[in-house]
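Written out below as structure tokens is the structure these notes cover.
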Amino acid sequence: PGSVVFEKNFNLKTQIKMKRLMLCGVLCMGICMSVQGQETKKYPEPAPMQPEMSEFWTPQPKIVVPPDMDQAIITPPSDAIVLLGLDAESADEWVNCDPNKAVEWEVEQGVMTVKPSSGSIRTKREFGDFQLHVEWSAPTEIVGESQGRGNSGVFMQGIYEVQILDNYGNETYANGQAGSIYKQTPPLVNACQKPGKWNTYDIIYTAPRFKEDGSLQSHGRITVLHNGVLVQNNTMILGTTEYIGFPRIVAHGKGPIILQDHLNPVRFRNIWIREL
Ligand code: MG
């Protein structure tokens, strides 16, 4: 009978130990799983963006016949920094956006022409708030359609594009037209001149402001007159002007003016800027 009591006691003690061990095991597994869960918790991935997802075609901006700016040359005011003079023979104020390349755009008698595939160019100087005057002319030989025709662009602080495009008898998505804040805000009207004629852009730009931690304090603002016709009226710039995807907020300081090489030989003349 002594051995029976012993066996009973042994069994009881063993059972209690086993239960404790199992309890510990379950607790450990639980903790491990919850830690693992935090590391591997998955949220749904956003759907991959396609360019067309940020392009809208209607309503098309109304066409207005603008003043003829060919002869109405707005010469630089005395306090302007001249970025391309009326009789310039070289692109002194400009460098290639690729620091390993030189500017290959041709400059002759004040007219600077995009050399396709040679790269976009940027001013050596950097700017904050400003008033900018740019004149551009689309190639007379019409090649391509929609975004493929007379495409270039002028970028505020290197990242916010006001579209340059031959929109004369050439439709494209509304928020990619000449005078649009590219893929954000269409121009109020289509004030394009014929290919070969000169167009003017007069741009008043207020840079976005950022807090010390890099977050946005206030959006950038832009007013654009195309051939003297208002096409952007103190428009809020939502962020970077992306070809694919949504505007992004990126903290930055002063930045250059960029002219885009979009593979079309668009011409420029009489570019000047007044810092504000
Ligand atoms: Mg462009």
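The values are calculated or read from the model by the stated rules, or taken from the named source; none is laboratory data. Remember, predicted model here, so these are calculated numbers, not experimental data. As a convention, Cβ positions derive from the backbone with ideal geometry for all residues, glycine included, and neighbour counts pool all protein chains shown.
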- Task: Find all pairs meeting these conditions: Cβ atoms under 8 angstrom apart; at least six residues apart or on different chains; first residue within the stretch 155-179 and within 12 Å of A191 (Cα to Cα); second residue acidic (D, E).
- Result: A178/D166
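Residues being of a type in the set (A, V, I, L, M) and over 13 Å from P186 (Cα atoms): count how many of those fall in the stretch 226-237.
As a first pass, look at the stretch 226-237 and keep what is of a type in the set (A, V, I, L, M): 229-231, 236-237.
Applying the additional criterion that residues be over 13 Å from P186 (Cα atoms) yields 229.
Selection size over the stretch 226-237: 1.
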- Task: Could you grab the pairs with beta carbons closer than 9 Å, sequence gap of 6+ or different chains, first residue in the stretch 60-74 and within 14 Å of T200 (Cα to Cα) and touching a residue at least 24 places away in the same chain (Cβ under 8 Å), second one surrounded by fewer than 13 Cβ atoms within 10 Å (Cβ to Cβ) and of a type outside the set (S, T, N, Q)?
- Result: none
- Message: Looking only at the stretch 41-71, count every residue that is surrounded by 10 or more Cβ atoms within 10 Å (Cβ to Cβ) and closer than 17 Å to Q109 by Cα and tell me the total.
- Response: 1
- F246, sole failed condition from (1) away from the ligand (no atom under 16 Å from the Cβ); (2) part of a loop (DSSP other than H, G, I, E, B); (3) within 30 Å of A47 (Cβ to Cβ); (4) at pLDDT 95 or above: (4)
- Query: In this structure, does R267 turn out to be farther than 18 Å from G179 by Cβ and either under 15 Å from the mean Cα position of the chain (by Cα) or modelled with pLDDT of 95 or more (or both)?
  - Reply: no
- Tally time: how many residues in the stretch 107-140 are in a strand (DSSP E or B) and either away from the ligand (no atom under 15 Å from the Cβ) or over 19 Å from T241 (Cβ atoms) (or both)? 13
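Which fully enclosed strands (runs of 3 or more DSSP E) of the stretch 141-235 have 2 or more residues being more than 14 Å from the ligand (Cβ to nearest atom)? Talk me through it step by step, then tell me what you get.
Numbers: elements: 152-156, 160-164, 199-206, 216-218, 220-226.
Those strands (runs of 3 or more DSSP E) span 199-206, 216-218, 220-226.
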